[in-house]
Structures are given as structure tokens and as C-alpha cells.
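Report on one structure; see the data block that follows.
What follows draws every value from the coordinates through simple rules; no lab data is involved. Values in this document were obtained by computation on a predicted structure and should not be read as measured data. Here Cβ is always computed from backbone atoms with ideal geometry, including for glycine, and neighbour counts include all displayed protein chains.
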Amino acid sequence: MESKVSMEKEELIHKKILESGEDGISQQELAKKLGLSTRELATVIKKLIDKKMIAKKAIKENGKSVIKLFAIRTVEESNIYVNLESIEEIPCFSCKLLFKCDNGAHVNPSSCTKLSSWILSMDL
């Protein structure tokens, strides 16, 4: 089990990487900002990469290849809004043959008259 200090370091490092935004931050720059040794930082960075919270990417800066750290945003952090009204009327959702419907099968989307009629009736 991870210690509380270790978890706090992970959270702090992740927060700093998040704050760097789309520009990312180099490991050396991060070590300076946080006052940590590069060895200690490398250990925590490996844990964060394994947890899929951050990623390392090589980018070009002033003609040189630089490895930077970037935060991986999760769906929960992204605030994705989907309007479901447009799909409520799709006939497939109320079709009794939906479980048999498949490309190449006898019942399929390409030959479905209900689906074709619905698509043609849409105001695009």
C-alpha cells in the first residue's frame, strides 16, 4: 500500500503537469519547480504513466527533440455534452429485429425500409 506522503507527491506532480496544459513540461523543469531530485521524480512519473494519468511525448522545440510530460484528461474531466434528442427517434432502438440485424445478415441496415425512410425524412 502506498504511503500518504507518496500519494500527496503524486497528486502534486500530476497537478503541476496538468497546469502546464497543452505545452507540457520537461522532467527537469518539473524537478526544479518542485524541488525534487530527478531520481525521486522519475519514480513518481513512472507510477503516473502506469496509472495512465500522464504521458511522455517527444516534441520538437527550437529544432531539438525534447521529451515532455502531458496530463491525460479523462472523460470525467472533459465535460462532454451530448444531445440525445436526435437519436431518440432512430427506428432501430424500437425494432423487434434489432438483435438479428447485422451487416451481411438477412436483416441488415442496408436493406431496412424503416431506417431508410427515417433517414430520408430527416431535416438536414
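Tabulated values for the structure
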| read-out | value |
| --- | --- |
| Cα gyration tensor shape for the chain, rounded if a/c is under 1.5, else prolate or oblate | prolate |
| Most positive-pole-ward Cα, L48, Q27, I87, against dipole of the chain from beta carbon charges | Q27 |
| Estimated 222 nm signal from helices in the chain, with DSSP H stretches of n ≥ 4 weighted -39500 (n - 2.57), rounded to 500 | -12500 deg cm²/dmol |
| Relative contact order for the chain, counting Cα pairs under 8 Å that sit 6 or more residues apart, in percent | 19 |
| Spatial extent of segment 1-47: Rg and Dmax, with the Cα atoms as the point set, Å | 10.4, 33 |
